[in-house]
Structures are given as structure tokens and as C-alpha cells.
Amino acid sequence: MNNPAIQQLTDQELLQRFKADHNSEWIGVLFDRYAVLLLGMCMKYLKNEEDARDAVQQIFLKVLSDVNNHEIQFFKAWIYQVTKNYCLMQLRSHPLKYKEEISDRTMGEMVAEPLDKKAYQEKDLLIENMEHAIQQLNPEQRTCIQLFYLDKKSYQEIADKTGYSLLQVKSYIQNGKRNLKLLLEKQQRTNH
């Protein structure tokens, strides 16, 4: 499904299509959008690339089987939560393998985070605000920030890809970070 028209569909539209015809390719397109982010998240918790890749596969299967049982307003926030819970369950069910990773904090996180609507809405809002803020950056800053944080590219890789000098890349990322912080603070003030 590398059709550009399909790539233009929003998460919500892809979800609706899946619910209408149960064609798993819709979820595949959705999942591809977040696979890199999810892999990064699994790596953060499981500290092992192979386990992280396996986890992403398992999460995909879980999403396929669970997505119809939930009224999902924001797929990205929902899949973050599913991923985090999956990783914490892995840590809990393999204590010997992951003993360094299991701290009171991670276990506390799991208990302290009920899937209530308010927590979801706040998480959705945070992710939405972040995406909105990124869109407001100038194109150079936006490109460099996305490549650096979302695609985990080095300064050199970004310079090679964009044609900017290393100095420009560094400057765009620093200024972009500062502007993002200001935009997010401004949004928080208007939301309260």
C-alpha cells in the first residue's frame, strides 16, 4: 500500500477503513507511521535491539486484535500506551532477564497509570501540542528537529541529507528546540 493517496489519510481515516472492511493493510500503514518511534520506546525499556524488534511485532499483533474493542480518539497516544504497558509487562514477567531495568519507578509507573479518560486526554493533548508546535517552526528547523529526534539521525547524517552545513544543522536544532519550548509554553497557557 505505497499509494501516495493512502499515505495522505489521517490516522482516524485509516482506523475507520479498518473497522469498515477489516483489511489489516490499513493498520499496517498506520503502524508503519509509528514503527520507528515504537522501536525507540521498546529499546528504552528493554535495552536490547532484538527484544525490541520482537516487541514491536507482538505489539502490532496486539493492536490488530485489540483495535476493534476500543474507541480510539488519537491512535498515536493509544499505541504509545499499549507499547509502554507491553514493555512493562515484559520487565515484570522476565525479572531475571531484565533485573537491571526493573526499578520501583517502572513498576510504580505501571500501577500509577490507570487508563482513565483524563490521563488519555492529557497525553493526547501533549502529543497534539507537540505536533502542532513542530508544524509552526520554519521549514529548516522543522526538518532538522524531525530528523534528529524522530529519525534519530546524527548531525552529520542530517547535513548529508539536507545539504545544510554542520554549523547550520546545529543552529537549526538549537533554535528549533528553543522555539518549540516557547510554543509549548504558550499553548499550555492558552489551554489552562
Checklist entry - So how do LEU64, LEU182 rank on accessible area, 1.4 Å probe, biggest first, that is with the largest at the start? => result LEU182, LEU64
Checklist entry - So what are the radius of gyration and Dmax for the Cα set of the range 4-107, in Å? => result 14.8, 47
Item to check | HIS94 - accessible surface, heavy atoms, 1.4 Å probe, Å² rounded to 10 | outcome: 80 Å²
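Go through LYS62/LYS152; LYS19/LYS152; LYS62/LYS153; LYS153/LYS186; LYS44/LYS181 and tell me which ones have a Cα-Cα distance over 31 Å in this structure.
Working: LYS62/LYS152 26 Å; LYS19/LYS152 33 Å; LYS62/LYS153 29 Å; LYS153/LYS186 28 Å; LYS44/LYS181 23 Å.
Listed pairs above 31 Å: LYS19/LYS152.
The values are calculated or read from the model by the stated rules, or taken from the named source; none is laboratory data. What you see is a predicted model, and the numbers here were worked out from it, not measured in a lab. Just the protein is used for accessible areas: all its heavy atoms, side chains included, with ligands, DNA and RNA removed. Shrake-Rupley method; radii C 1.70, N 1.55, O 1.52, S 1.80 Å.
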